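Notes follow once the structure below has been shown.
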Amino acid sequence: MSISRRTLLRNTAALGAFAGAGLPHIWIKNADLAYAAGGEIKVGVLFSLTGTTAIIEESLNKATLLAIEEINAAGGIKGSKIVPIVEDPASDPATFSEKARKLVVGDKCVSVFGSYTSASRKAVLPVFERQNNLYWYPTLYEGRECSKNVIYTGAVPNQQQDEFVPWLVKKFGKKFYLIGSNYIYPKEENNYCKKLLEKLGGEVVAEEYVPLGHSEFSSVINKIRSTQPNVIFSTVVGDSVVALHRQYRAAGLDPEKMPMASLTTSENEVAAMGGEAAAGHFTSAPYFMVHKSPENEKFVAAYKKRWGADKVTHFVSEACYFQTYLFKQAVEKLATSDLTPPNIRDAVKGEGMIAPQGKVQIEPENLHTWLWPKIAQAKSNGQFEILVESKEWLKPVPYAAYPGQSCTEKGLVEKS
């Protein structure tokens, strides 16, 4: 049977118009099979290995790769191996976006694990929403986001601050100095902090933001001296955490009288600054390396064996680790022919496991995670002492600071 050139061109044009009209599903079956071709499942690993946030993100890369290696060593996912494609976005939001597009469009990864800062997450979000792919974000963050293309496994403000701020007010006093890095995460966390302080009769004596990578805090220290807050509430991130703590100590300030209370300072930053610079200050997080559980002992031992006896685990690396296992559990529920990012998203709703911090679970309504809040004090040995541990795991409420809005399975809903 012969086909004329005119007929072929006409049919090709019609097919192109059909796809262009937003109906590309005629090709999906082959695309689905490509996600698990040759007994391999490709995933992206997108954490900065260079730049200002590499101090924390290189450990996120390590925790993700550890989980992938463990899963593969145990037989993979129904016989298929997870193949990680690692990219270095160099702590630059524009590079994050560029690398995300490469992983999703070029490498055809079925999911990508990545980002520490909200700035980098916001930079990649359009890529995942346009391509209908899935981004696994392990970091505590400011909430106020409701995407169907992100699985959020870090804490949101209500999970870090609801117990922490009242505890600080009761223990130290009502005068807070807010210091953060200059981007959306610290500003939204401080917004929530101010709402809690207002209910508690607290006072913000100053609110200041410094650029990412900032290292000169003498003017901040001088303002702290002059305002004499009871608590220095810090949402500084990356290398700046180290500089702030060292300069606080060098200035002779006393954490017993005027502690820093952080949502971002982990064992990783403490290792970089030295235990003496961190000692006496506080952090609120769902996980600390000293947490006692069989799952955590296994995680810490495996991490040290793989990456070095001097390495530490922390609340974001722990989320990297358990979210990779939640990915595995979701994929195990799917047939190979059904392996697509949207199907993985639907499969992970309500999925849970016993993580190093305790039982965690993806909330089906908003794709955020039920977690266990804890308050701990840094010690000179580089570890923390857990002082307060929530009796119950806490539901994620990403719009807690905005009671008129709610993230639901249908999307963002404005409450009447």
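The values are calculated or read from the model by the stated rules, or taken from the named source; none is laboratory data. Everything numeric in this text was worked out from a predicted model, so none of it was measured. Here the Cβ is made from the backbone with ideal geometry for all residues, glycine too, and neighbour counts use every protein chain on show. Calculation scope for accessible area: heavy atoms of the full protein, side chains included, ligands and nucleic acids excluded. Shrake-Rupley method; radii C 1.70, N 1.55, O 1.52, S 1.80 Å.
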Quickly work out the Asn182-to-Val388 label distance, labels modelled 7 Å from Cα along the C-beta direction, and quote it in nm with one decimal.
3.3
With Cα coordinates, the longest principal axis of the chain makes an angle with the long axis of helix 5-20, in degrees rounded to 10, of 30
Show me, for the range 248-263, the HN-Hα J-couplings you get by feeding each phi into the Karplus relation (A = 6.51, B = -1.76, C = 1.60, θ = phi - 60°), rounded to Hz, glycine and proline as x.
4, 5, 4, 7, x, 6, 10, x, 6, 9, 8, x, 8, 10, 10, 9
When only C-alpha pairs under 8 Å and at least 6 residues apart count, what is the relative contact order of the range 258-388, in percent?
35
Output needed: Cys residues of the chain lacking any neighbouring Cys C-beta below 4.7 Å, sorted by number.
Cys109, Cys193, Cys320
What angle do you read, to the nearest 10 degrees and between 0 and 90, between the alpha-carbon axis of helix 54-73 and the longest principal axis of the chain?
50
With the 1.4 Å probe rolled over protein heavy atoms, the chain has an accessible area per residue in Å² of 41
If one compares the long axis through the Cα atoms of helix 184-200 with the longest principal axis of the Cα atoms of the chain, the angle in degrees, nearest 10, works out at 50
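So what's Rg/Rh here for the chain, counting alpha carbon atoms and using the Kirkwood radius for Rh? Please list the in-between numbers first.
Details: Rg = 22.9 Å, Rh = 22.4 Å.
Looking at the chain, the ratio lands at 1.02.
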Kindly state, to the nearest 0.05, the FRET efficiency for Ala335 paired with Lys170, given R0 = 60 Å and r defined as their beta-carbon distance.
0.65
Which residues' amide hydrogens lie under 5 Å from the amide hydrogen of Phe233, considering only partners 5 or more residues apart or on another chain, with H built in the peptide plane?
Tyr177, Leu178, Ile179, Ala261
Carbon plus sulfur, as percent of the 1.4 Å-probe accessible area of the chain, comes to 53
For a quick check: with amide H placed at 1.01 Å from N, whose amide H comes under 5 Å from Ser91's, ignoring anything fewer than 5 positions away on the same chain?
Ser48, Leu49, Thr50
Along Cα→Cβ, 7 Å out, is where each label goes; now give me the distance between the ones at Glu276 and Lys415 in nm to one decimal.
5.0
Take Lys305, project a point 7 Å from its Cα along the Cβ direction, then tell me which residues of the range 43-75 have their backbone nitrogen under 18 Å from it.
62-75
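Could you tell me the calculated FRET efficiency between Asp107 and Ala73, based on Cβ-Cβ distance and R0 = 25 angstrom, to the nearest 0.05?
Details: r = 23 Å, r/R0 = 0.92.
Between Asp107 and Ala73 the formula returns 0.60.
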How high is the relative contact order of the chain, in percent, with contacts defined as C-alpha pairs under 8 Å that are six or more residues apart?
17
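By how many nm would the segment from Ser293 to Ser215 grow when fully extended, if each residue of separation counts as 0.36 nm and the alpha-carbon distance is taken off? Write down the numbers at each step before the final one.
Details: separation 78, 0.36 × 78 = 28.08 nm, distance 3.70 nm.
So the extension gain works out to 24.4 nm.
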What order, most packed first, do the peptides 152-158, 395-401, 84-90 have when packing is the mean number of other Cβ atoms within 10 Å of each residue?
152-158, 395-401, 84-90
State, to one decimal in nm, how far the label point of Leu49 lies from the label point of Lys81, with both points 7 Å from Cα in the Cβ direction.
1.9
